[in-house]
1. Can you compute log10 of I(q)/I(0) for segment 73-125 with the Debye formula, treating each Cα as one identical point scatterer, at q = 0.12, 0.27, 0.29 Å⁻¹?
2. Return the FRET efficiency for the residue pair Gln791, Leu754: r is the Cβ-Cβ distance, R0 is 51 Å, and the value is rounded to the nearest 0.05.
3. May I ask you to list the trypsin sites (Lys or Arg not before Pro) in segment 701-776 that are in a DSSP loop and have at most 16 other Cβ atoms within 10 Å of their Cβ?
4. Explain nothing, just compute: Karplus ³J(HN,Hα) = 6.51 cos²θ - 1.76 cosθ + 1.60, θ = phi - 60°, for every residue of segment 540-549 in order, whole Hz, x for Gly and Pro.
5. Roughly how many Å is it from the Cα centre of segment 751-806 to that of segment 235-263, as a whole number?
6. Per residue of segment 265-273, in order, report the coupling 6.51 cos²θ - 1.76 cosθ + 1.60 (Karplus, θ = phi - 60°) as ³J(HN,Hα) in whole Hz, putting x for Gly and Pro.
7. Sort 99-111, 567-579, 375-387 for me by packing, meaning the mean count of neighbouring Cβ atoms within 10 Å per residue, highest on top.
8. Amide H neighbours of Glu713 under 5 Å, counting only residues 5+ apart in sequence or on other chains, H built in-plane at 1.01 Å?
Amino acid sequence: MDQGNDVPRLNSMTTRLSLSSSVYPYEDVTALLDTATKDMDVGQLIQVPSFSLFDAMCAIVIMDPKMDTGMVMDDIASRPVFDINKRVTPTEFIWIFDNILIGQMTWLSGHALSQTLFTSCHILRLLEINEDDDEEPSGLTKDAPQPPREFLVAVLKSCVLAIAKSCSLIWSEMRKGQVYEEEDFMTNKFGVSMFEDIPTASLVAMLDQAEYWMETEGTQWIRDHCGDDAAEVLKGVMERIDYCRSSYMALFQVIAPKCSQYPQAGPQLEAMRTHISGLKATHALGTKVEGAFDYTIHRQLVANTPPRAIALLTFDETIEQLAQMCTDLMSIGKALPFTDTANLVNFFIFFASQKPAPGAFPRSILQTVLYEDRIVMGSCKVEDVVRESIQETVSPASWIFDNFDELQTKLGGAGNTTPASESQVLESIPELAEDNISSYKLRIQTSVVMFVEKATKPFVDTLQIMGQNTSRQRRNLRKIVQLWETLQEQAEVFDADVHAVLEEMRLQQQGGLTGDEDGPQEQPAAPFYFVSWVYHMKLWVMEWLLLLGSELELYSPFEYSMVYAYVDSVLGAHAQHLQRIRSIIQSEILEPETVEPIEPSPTKEAHEESGIKESSEQKKKKKKKKKPSASSTTSTTEKVIEYAKPKKTVLMWQFLTSVKMQLTRGVFLVLASLTKAGHLTTSPPHIASHGLNDLETLFAHRFRAFRLLSSPEALTFENFLSRLDCDGLDSLAILDYATDYFSEAQRALDQLLLLSAAEAQVLLCEDAWRKDVKNMIKVCIASKIGIAGLQKDARMLELRKSTLETQKRKPAASSLGGPKLTTAQIKSSSSSSSKASAPVLKAPVRKVVFEWKYHSWWPVVTLAPPSS
């Protein structure tokens, strides 16, 4: 195959391998291969039937100078060895330092050290710099200024050492395996030392010596020889010395075990970010030094794979990534003294969703500080964090978590405690002998300790996933869903045991009587605390999993309608479940006569309908109103902000779920409208090329991760088609309802912005939270503008005309009783409308455009201009 005109041919005398001197009987087959391939086009391949992709990935490209490390190159063979003891001027120091910094940040972006940092001759040969060398500088004329040797041995050497040791600290963190090798980072050092044996005190002393020399002698030399740029050159040199000190000390404190020195890293990171601005301002002063970087050094280093073709970052990109790394590390440090679990979870959510995505090193640090030796964020036991999350979400009776710490100590490794050993521990606790009520309570409290222990793994794993790259997040979330499903089954059994003990306590308090002379009394429904918390977490992970597919652009245009239909189904189940949790909490706060009936446990039977269905009484109430709302979002929003109890965690979850549901339904209805008008097809011709026979097969394949879950009930393909039909409405009518949903969401989001950081539980990430809310508002506004344009589409107008003509020929009572499309109308359609044949439209079909510039989860859907 042709390797390109720039690749030297094998018949060159300088590149020809010495065949006669080899002990192996090699034979030159160049002419044979040239003859055999002269009729082949570039890109064609002759292969045996057994040749596979694995073979191609393991192959070595011969005689490509970028890939073949054994190929002898004329320019490399004749290149002189760089003089590592050559004196440097201040401007040359600036250029060398900045390019080493570029190599460092390119390495941190996921490339090999052999092609980035190790290309610097001063990094590889740092110890060869001779401090006692008194030879005259070479390459200088009589008129040229001779820079003092201290610019090399004091300033450059100490700064290069600081960068190398900083990279060593980063390497030691990345070796913990918090991020994925090859995907995020390459840890192979090729046997090259990063000067780990040089103590930190020695490095600090060298930097102090460099700064002292600059203040006493170097400053004067720069003023005498650098002319009008002297002040800027001096600033550039000093900024780089100060940057090296700040960056190394910051990293040293960040990676200290158990976050012991992380709080002290804040000022250093702030100083580091300040010096980065100084680096950028003086970068242009650098003077290039020929030979200081050898970009073919990878040919001399041992590697088990060929090098990759890479492009080094520009200096502006390097500065941008450095500043982002400082910001990310500072935000992690500010999150260490978190006030409650809700704020901590929100911090992780927005840390993972920020754009551009955090680098591999901050993500690794985040996972390390999150969970190390059963300690969360360096200060709290993981069991306490899980316990607080349960309390914030479902607000169980206060006595359930009494004696938690004491019982946890007595039970020891609760996660490994069997029922038999649990009974033995219970018998050994003397408090059980006080009275029967105390005995019943301690039985529940002991079981709570064991449940919290079991819940730590899925809880911590869910948070740790947010420290991984986006592709890995989605892949691992599929496994996390199964973890929460398993824990939900255990929680159901545990809640049943809690109910049994509560019943025993009730009978004990009533003296064993179940009724009185007036007849049996109705007992309040038993609350499902723990299964409610687990089910809430599982639903959140399911939402996250589905919406990440949009962020990763995994879905084809024809799939978005079924994806957002499924998202709406999950959000509906989540909203219903949060209302159930709220009812449980209200039943313990309000008087009995003011409490709404508590719904049963979120088991499979309790979730036969995954969306929010309105009860018959609710529908009657809506009929009495002049202008009913599309869903419960508006009323929910008012209650969330005005209601004093229950705890604000479940209220904020309920509010945000309602807003996301409004956005999702708005997007889905726009897609349904475009599908009805024929602009968006649900069965593209290329679907068979993927090994899928029809859309139903693709639907089952896309959502197969949810099919085996006990709850919520999986959305079936038939239900999806019913939702897509929208009760037989035409495209323009559906767009009216979509506009209403976006308007409702916008009003709710505007109200959300009025909350303080404490009220919204985003104390650790307020700026990111407000930015995200504003982006969702932009989606609402842009979508309404886009819908206004869609309503002028010729096919939609033609469809409306055809629908009106059909209604005139066959008048029928409308099934819609108000100006809003309800949830039930989205989920169901009449059998007659689904069987009716679609009208033939003459207007041209236009391309559907998905714009993701405002939010990565909800697009603005429009149509491309008509083709001329």
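1. With one equal scatterer per Cα and no solvent, log10 I(q)/I(0) is -0.34, -1.04, -1.07.
2. 0.95
3. Answer in residue order: Arg707.
4. Taking θ as phi minus 60°, the curve returns 4, 5, 5, 4, 4, 4, 5, 6, 5, x Hz for segment 540-549.
5. 44
6. 6, x, x, 5, 5, 5, 5, 4, 5
7. Peptide ranking by packing, descending: 567-579, 99-111, 375-387.
8. Ser610
Every number in this text was worked out from the coordinates using simple rules, so none of it is lab data. Since the model is a prediction, treat every value here as computed from it, not as a measurement. In this analysis, Cβ positions are derived from the backbone assuming ideal geometry, glycine residues included, and neighbour counts consider all displayed protein chains.
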